[in-house]
Amino acid sequence: MESKWDVLSALGAITAAGLLLTGTWGVARAVYVYLLPQVRRGNAWLRAQGAWAVVTGATSGIGKAYAHELARRGLDIVLISRSLSKLEQEAREIERLHGRSTRIIQADFTGGLEIYGAIEAGLRGLEIGVLVNNVGMAYGGRGGVFRKLLDLEDLGQSVSDIINCNAMSVAQMVCIVLPQMVSRLAAEEASHFGPYTQPLRPLCDSSRRRCVKSTFLRTVSPMLVSTNMTHNLPTGLLVKDADEFAREALDTLGLSSHVSGCLGHAVQSFLLPFGLLRWFLHSRQGVSLLSAGSKSNLPSLKPQST
Ligand SMILES: NC(=O)c1ccc[n+]([C@@H]2O[C@H](COP(=O)([O-])OP(=O)(O)OC[C@H]3O[C@@H](n4cnc5c(N)ncnc54)[C@H](OP(=O)(O)O)[C@@H]3O)[C@@H](O)[C@H]2O)c1
């Protein structure tokens, strides 16, 4: 009997130590990534990556906020979205407010491979330091994110649009932008380390490794941000204003390969696995409640881009 309790005590101690370590790591990481950003890197570092930033879905919400914040930090901006009039208006606003150059590319990311030739041509010759793969769509309006897939009118087309817009766009934009980023940074590294490279080896292996290390790929996973997609939910403890979100998210650039974007969302995503919310959302009752809410809020079940 006693040995059974010994085993349980040991398991309890290991679990408590694990939780303590996880908590300490989470707090230390939050302080490093979210609370001390300006101490380490300023706007000069951002501009040194390249003169231009490319933002997809740049005419409203988070993408628009990123475009303005990057321009405020001294980068020229390429805006890509569907609506030409919105693109022209945002480009004018960025030039007026931040005095930076802009370029616009009209594209509908629900399209397939055929749309990327024009995007590539529009970006040719630009020194691109930052690519924000922001564009995304949800099906349905308020609560539509929780809609059952089989409730959609044209399921095949909806699935294709969503995959093209939310996933294929990321892969294709990276394919267009990354090669010029890497070769430019490699060339800069090579010229920097030139005297130390061997004759007849213009780009030595180590400089290539260094340049890949200095090209940051990272994922931002926000919780709720007040935008058209979230029907401009009131901002508060849980819901972030888009401009504030973009500012905080850009401060964390280069510090981690996966961030929530801002401290408030980092705390939410840290607590989520321990909470009842995740359990509830995945329970039968949670799914029924969400889909009932979606239906009562929506006149149409047709997929819509935001
Ligand atoms: N808001 C949130 O709480 C939240 C949370 C997590 C993740 N996200 C993600 O953050 C990203 C931005 O969301 P948001 O809330 O800022 O959305 P939003 O306010 O609805 O803005 C979407 C932007 O994308 C453009 N766009 C939409 N469909 C397009 C298409 N098919 N082709 C080209 N451009 C298109 C829109 O411009 P046009 O209409 O002019 O094309 C607009 O500029 C999305 O990927 C979303 O999934 C948002």
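Since every read-out is calculated from the coordinates, none of them should be taken as a lab result. All values reported here derive from a predicted model rather than from experimental measurement. All Cβ positions, glycine included, derive from the backbone under ideal geometry; neighbour counts span all protein chains shown.
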Can you put Arg29, Arg124 in order, fewest other beta carbons within 10 Å first? Arg124, Arg29
Proximal aspartates and glutamates to Lys86, defined as alpha-carbon separation beneath 16 angstrom and excluding residues fewer than eight positions away on the same chain: Glu95, Asp108
Treat the count of other C-beta atoms within 10 Å as a stand-in for reagent exposure and order Trp52, Trp5 from fewest to most. Trp5, Trp52
Could you tell me, in Å, what Rg and Dmax come out for the Cα atoms of segment 220-271? 10.6, 31
Put a dot 7 Å past each Cα toward the Cβ at Ser101 and Ser269; how far apart are the dots in nm? 3.5 nm
Which of Asp76, Asp151 comes first, and how do the rest follow, when ranked by fewest Cβ neighbours within 10 Å? Asp151, Asp76
